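Derivation of every value follows stated rules applied to the coordinates shown; laboratory data play no part. For clarity, every value in this text was computed on a predicted model and none was experimentally measured. With ideal geometry, Cβ positions are generated from the backbone for all residues, glycine too; neighbour counts draw on all protein chains shown.
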Amino acid sequence: MFDHSEYISLLKDLEIFFQYATEENLVTSNLKPDELRANIDLKIGNSVSDEDLRSLIQQYLKYSVKTSHPRYFNQLWGGFQKAGFMGDVISSAANTSMYTHEVAPVATLIEKELVQKMGKIAGFENPEGQFTTGGSNGNLMAVVMARHQACERGKQEGLFGQQKMVIFTSAESHYSILKAANITGIGADQVWKVEVDDEGKMDMGNLRRLIQKAREEGSMPMMMVGTAGTTVRGAYDPLEEMADIAREEGLWFHVDGAWGGSALLSSKHRYLLKGVERADSFVWDAHKMMGMSLMCSVLLVREKGKMMSTFSADHSKYLFRDEEASDDLGPSSMHCGRKNDALKLWLAWKSLGDEGWERIIDYFFELAEYAEQIIHEFDQLELVVPRSYTNVCFRFIPKGKDGKDGQDFDAFTSKLRQELLASGHSMVNQAMVEGKEVIRLVICNHSTKKKHVEQFFEEVVRVGEGLNCRYM
Ligand SMILES: *Cc1c(COP(=O)(O)O)cnc(C)c1O
């Protein structure tokens, strides 16, 4: 039987977990696998008591990274969003699967409502779409749709004897495009990387030349992927110009807005995605800047019916009795069983309203601007590339004993990041941009306020100066 009191005591442990994640505590204990093994009884075999189970839960929570901590900047997601959290818990409690209206009646309507809402925000007049298990899988589905447009017989017959098909995407696009090309049989070598300019935007002249080159080689250009908010530096490709080229060349135009799609929620910043309304498909993660717990990602498609023609399968009559006429999401999906990820976003949106989202997105931009100001105030800090979104790529410039700039900046940046991690005070990632190692601060955490950005930089400068004394 379901014991409510036990359930409630688990929620009490969760309360403790969220108390760990406050600013006076550490973000991470940063333990090595061996240290963790020594602290947690991982082996599975004999049955343990409920009491032991509870202590395992407490250990799990204790040693997990506190991603809702206000100085957690490590990934493109983080923080805590109340209504979204409740929606996720409720979705698990009501446990359903998104394939049929029969088993997920309310959830199906909620998901369709969100697809219409988000599709219209993107500028699609009559959109279709689905929640997927993440932006990577949304991109994969888009590649399948592009392939289906370029080579319809591929769906049944496969790609035997098929001319090579080429996908064009920027040199700084997400690696999931390569994975999608691998999985779909297009081949990762057929993903051609287009050069980017100083701001990280795709170069249109280079794109045109590469399309021409592919045709000259006897390959078939099939798809262009524009990135709205690149993972490392947050650059936006020129989507309008890409849409023109896609139309001229007859290519599927996909926009990967997994990270940067949320700028559409702000009337001040949505210009960054100008042209997305002409895309064939668009991926937008709500588990990144919108702060939903993982996973919460939507694939939006401009023209209705394309998902069904691409993804329907023949042998599913036991589940889907009348594919064409039904309200089921399953037939036009890549998944079979699928969790209800729409509920949390719907509840959060109900609670915040359109204005609430706008306020949050604008605040993230302000915080990123503020971070940039702080960098300019410190001599030792350098903004390495210009900022477009809320990615702030910077580094600490070490000085030699002679007062001149030190030599090995990249190694210094890596050491600095390791020391930041070891202190557990904050968590931030590093990345390569324009051949330079940088600290990538991303602002998207719903718990972060101005003072946490200040605390972060104080720590960076303190740790950086300490390192500088020891190594230079
Ligand atoms: C994060 C990201 C992805 C992958 O999204 P997941 O939801 O993590 O699968 C794809 N593209 C871009 C540009 C991203 O930043």
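If R0 equals 41 Å, the separation of the Cβ atoms of TYR63 and GLN162 corresponds to a calculated FRET efficiency of about 0.25.
Among ASP408, ASP237, ASP379, what is the fewest-to-most ranking by other Cβ atoms within 10 Å?
Working: ASP408 13, ASP237 31, ASP379 9.
Fewest-to-most Cβ neighbours within 10 Å comes out as ASP379, ASP408, ASP237.
At full extension, GLU303 and TYR471 could sit 54.6 nm farther apart than now, given 0.36 nm per residue minus the alpha carbon distance.
Can you tell me the order of 46-55, 285-294 when each peptide is scored by its average per-residue count of other Cβ atoms within 10 angstrom, highest first? If you can, show how the numbers build up before the last one.
Details: 46-55: 10.0, 285-294: 24.8.
Packing order, densest peptide first, comes out as 285-294, 46-55.
Here TRP357, TRP77 are placed in order of increasing Cβ neighbour count within 10 Å, fewest first, which gives TRP357, TRP77.
From largest to smallest, the equivalent ellipsoid semi-axes obtained for the chain from the alpha-carbon gyration tensor read 37, 32, 21 Å.
Taking other residues whose beta carbon is less than 9 angstrom from the beta carbon of GLN380, and scoring Lys, Arg as +1 and Asp, Glu as -1, yields -2.
Classify the range 1-62 as rounded, prolate or oblate, taking a ≥ b ≥ c as the square roots of the eigenvalues of its Cα gyration tensor: rounded when a/c is under 1.5, otherwise prolate if a/b is larger than b/c and oblate if not. Since a/c reaches 1.5 but b/c is at least a/b, the shape of the range 1-62 is classed as oblate.
Normalised by the number of residues in the range 147-239, the average gap of Cα pairs under 8 Å and 6 or more apart makes the relative contact order 33 percent. Separation of the range 351-405 from the range 13-41 is 28 Å, based on Cα centroids.
Let me have the 222 nm mean residue ellipticity of the chain computed from DSSP H runs of 4+ only, each contributing -39500 (n - 2.57), with the sum over all residues rounded to the nearest 500. Kindly include the intermediate steps, with their values, before the conclusion.
On the way: 14 runs with 199 residues, N = 472.
Computed mean residue ellipticity for the chain: -13500 deg cm²/dmol.
Dividing the Cα convex hull volume of the range 180-314 by residue count, how many Å³ per residue is that? With only Cα atoms used, the range 180-314 gives 142 Å³ per residue.
By definition, a body whose alpha carbon gyration tensor gives a ≥ b ≥ c is oblate when a/c is 1.5 or more and a/b is not larger than b/c, and the range 49-88 fits this oblate description.
A 28 angstrom limit on the alpha carbon distance is what I want to check against. Which of LYS82/LYS117; LYS12/LYS339; LYS274/LYS306; LYS193/LYS451; LYS66/LYS120 exceed it? Walk me through the numbers before you get to the answer.
Details: LYS82/LYS117 21 Å; LYS12/LYS339 25 Å; LYS274/LYS306 23 Å; LYS193/LYS451 40 Å; LYS66/LYS120 35 Å.
Too far apart for the 28 Å limit: LYS193/LYS451; LYS66/LYS120.
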